[in-house]
Structure formats: structure tokens, C-alpha cells
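Participant: Sharing a structure, written as C-alpha cells. Questions coming.
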Amino acid sequence: MTVARHCAELMALLLVSVGVAIAASPKDFKADNASVLVPHVQQGQTLSDITYRVIALHGTGFDDRVVQIPATGTFTFQPNDDPSTIKWKFSVRMDGKTAIENVLGEYRDEGRVQCVNGQCNVMTDASSPFYNPAFWGKPIGRLVPGMVWNVELKQPWELGPAGTQTITVLSVDRANGIVVLKREGEGVGPYEGKHDATTVKKDGKTIRVDTKYGKAHWVGQAVFQHGITVSDELLTITQVEVSSPENGTVHAEERQYMSLLQHPNPIPISVAVE
């Protein structure tokens, strides 16, 4: 998940609990790779991430529409007697937008569910601070390079529609608990949320256009160490039909890409100015 996404979700969760179904397939996977895929954190430990997300719509007859969402955030892990959950305090800054400090929450169900102030939401983020089996699956057997399995995404998510993706093990360093995984998938339709219209600029004028999302294809790779995300990147390219009275119908392309990088130190949400 992106830190920017965390900020948006945390704000939403403070207002309303929203549940969507995204599940790995098949449901009866049994993991035997706990030392590599399952996170174990300690009270007082911190985890910081730097994230970046871009949404770009390209088409003939209008200017490129580009949205950029950079963010940084830090988790501080809280006392916890339940091994099935990870409790945290989170501070985040979305540069140019907002900052949130010391929000309390937790991850449940192996990271599939995020809760804030008792309001819980199934995680639909493209990435996450931890290995999320809803997106990456729970492989059976010892991880080895070249191993492959499929994961079904039943609902639209942060960077794509419902669909199926293939996970491939690129490398394993079991001594240090590190695995590199590639994911590649496709589906048809918009990413999470209602996206049947947007605005673009043509000749300096802002115009409203209707959008119809077609086939989406995504590919990326992530590095996990003891279940914690060291780095993650993903690119989704979706065919979009854009129409308006001013411009007619245009066959356009939407590119969405994100990156998450673990940072070694806690990241302050503000900078002291002398």
C-alpha cells in the first residue's frame, strides 16, 4: 500500500466503515514460509515508508491529465497480546495536501483488514507495509525461484479492476528471510471507486468528459524481508474511451504507477524552520 493511500483511508475510516471483498484463490492455501512471509514486530519498533503514485490520462485532442501523490509515513508499533494483529500508531504527510499525526489502528487477519478507532476496512491498497496474502496469495510448499501461483482479485482495488494475477518467485534468500516476487495480471473496468467521468484540458479550457474503462494490464515486483515490504512497484495500463460533445470519442490510455520504499529512520511530518 502507499503511504498516501494510508492517509486517505485513515481519514475515511474516521468517518465511515467500508467493506469490500478481495480474496486470494484458492481459499484453502496453507503457508509454510512463515520466516519469509509473516511479519513479527516488537513494541516500540518503527517502520517508515516513502511512497509515490501517479495517475496519467493520455489521448489525442486534449492535454495529458496527470495527478501526482507523494507521501511519507512512519508506524510505531504498540503493545499487543494478540499475535493475529499488529497494532500501530501512524503519522503521515501527503505533500501539498495534508498531514495526520499519531493515529491509532491495527492490522487484522494477516494484514487483510485495517482498523482505525474500531472502524475496519478490507485492504484494497496496491501495496502495504507488510505481505498481504489477499494480493500475493499463500503459497503451498517451500519457496523456490520459478515457483508460480495465481491470485483472484474479486473487486476493484487501488490501481486496477477485479481480475486475476500470476505471482512468480524471482529469488529467495532464506538465510536472511528475503524473497523477491513478481506479479502480473489483467482485468476489465475501472480501479476502485466511481470513475465514469473526469475533467481534461483542451486549448486551455477545462472540459468534462465521460470515461469508459476497458482492459487493464498490470505488472510489478516487490521485495519482502521477514514479511515486511522493503520495496514495491507496480504499473497498470488501462484502455479508456473518453467522450465529450467538444471532442467526440477518443480512445485513450491511462497509466497508473506507484512505488514504496522502506526508509531507515522515523520521518517527521513537519520540518522545524529556524
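The values are calculated or read from the model by the stated rules, or taken from the named source; none is laboratory data. It should be emphasised that the depicted structure is a prediction, and the values quoted were computed from it without experimental measurement. Reconstructed Cβ throughout: ideal geometry from the backbone, glycine too, with neighbour counts over all protein chains shown.
Participant: Name the one entry in Ile228, Ile178 that is hydrophobic (A, V, I, L, M, F, W, C) and out of contact with any Ser or Thr (no Cβ under 9 Å at 6 or more places or on another chain).
Facilitator: It is Ile228.
Participant: Look through Gly111, Gly118, Gly137, Gly96 and report the one residue that is surrounded by fewer than 18 Cβ atoms within 10 Å (Cβ to Cβ) and farther than 20 Å from Gln256 by Cβ.
Facilitator: Gly118
Residues checked against (1) of a type in the set (A, V, I, L, M); (2) touching a Lys or Arg at 6+ places or on another chain (Cβ under 9 Å); (3) touching a residue at least 60 places away in the same chain (Cβ under 8 Å); (4) more than 26 Å from Thr238 (Cβ to Cβ):
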| site | (1), (2), (3), (4) |
| --- | --- |
| Val113 | yes, no, no, yes |
| Gly118 | no, no, no, yes |
| Ser127 | no, yes, yes, no |
| Pro133 | no, yes, yes, no |
| Arg142 | no, yes, yes, yes |
| Arg183 | no, no, no, no |
| Val200 | yes, yes, yes, no |
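Participant: Another one. Name the residues in segment 153-163 that are part of a strand (DSSP E or B) and in contact (Cβ under 8 Å) with a residue 60 or more places away in the chain, would you?
Facilitator: If the condition is that a residue be part of a strand (DSSP E or B) and in contact (Cβ under 8 Å) with a residue 60 or more places away in the chain, then Leu153, Trp157, Gly160 are the ones that fit.
Participant: I would also like to ask the following. Determine which single condition Lys201 fails, assuming it passes every other condition in (1) assigned to a strand (DSSP E or B); (2) within 25 Å of the chain's Cα centre (by Cα); (3) of a type in the set (D, E, K, R).
Facilitator: (2) is the only condition that Lys201 fails.
Participant: Also, quick follow-up: Scan segment 188-219 for residues that are at negative phi and small (Gly, Ala, Ser) and report the count.
Facilitator: 3
Participant: Working carefully through the options Ile228, Ile167, find the one that is within 30 Å of Pro145 (Cβ to Cβ), touching a helix residue (DSSP H, G or I) at 6+ places or on another chain (Cβ under 8 Å) and among the β-branched types (Val, Ile, Thr).
Facilitator: Exactly one of Ile228, Ile167 is within 30 Å of Pro145 (Cβ to Cβ), touching a helix residue (DSSP H, G or I) at 6+ places or on another chain (Cβ under 8 Å) and among the β-branched types (Val, Ile, Thr), namely Ile167.
Participant: Related question: Quick test of your reading of the structure: Leu181 fulfils all but one of (1) surrounded by fewer than 20 Cβ atoms within 10 Å (Cβ to Cβ); (2) of a type in the set (A, V, I, L, M); (3) modelled with pLDDT of 95 or more. Name the failing condition by number.
Facilitator: Every listed condition holds for Leu181 apart from (1).
Participant: Please work out which residue is surrounded by the most Cβ atoms within 10 Å (Cβ to Cβ), limiting yourself to segment 79-93 and to residues that are touching a helix residue (DSSP H, G or I) at 6+ places or on another chain (Cβ under 9 Å) and over 18 Å from Arg53 (Cα atoms).
Facilitator: The qualifying residue surrounded by the most Cβ atoms within 10 Å (Cβ to Cβ) is Ile86.
Participant: So, in segment 238-265, of the ones that are surrounded by fewer than 21 Cβ atoms within 10 Å (Cβ to Cβ) and among the polar types (S, T, N, Q), which residue ends up nearest to the chain's Cα centre (by Cα)?
Facilitator: If we take residues in segment 238-265 being surrounded by fewer than 21 Cβ atoms within 10 Å (Cβ to Cβ) and among the polar types (S, T, N, Q), then Ser259 is nearest to the chain's Cα centre (by Cα).
Participant: When segment 221-259 is examined, which residues are found to be touching a residue at least 24 places away in the same chain (Cβ under 8 Å), within 25 Å of Arg65 (Cβ to Cβ) and outside any strand (DSSP E or B)?
Facilitator: Glu246, Asn247
Participant: Moving to a separate point now. Looking at segment 174-198, which of its residues are over 16 Å from Tyr131 (Cα atoms), charged (D, E, K, R) and part of a strand (DSSP E or B)?
Facilitator: If the condition is that a residue be over 16 Å from Tyr131 (Cα atoms), charged (D, E, K, R) and part of a strand (DSSP E or B), then Glu184, Glu186 are the ones that fit.
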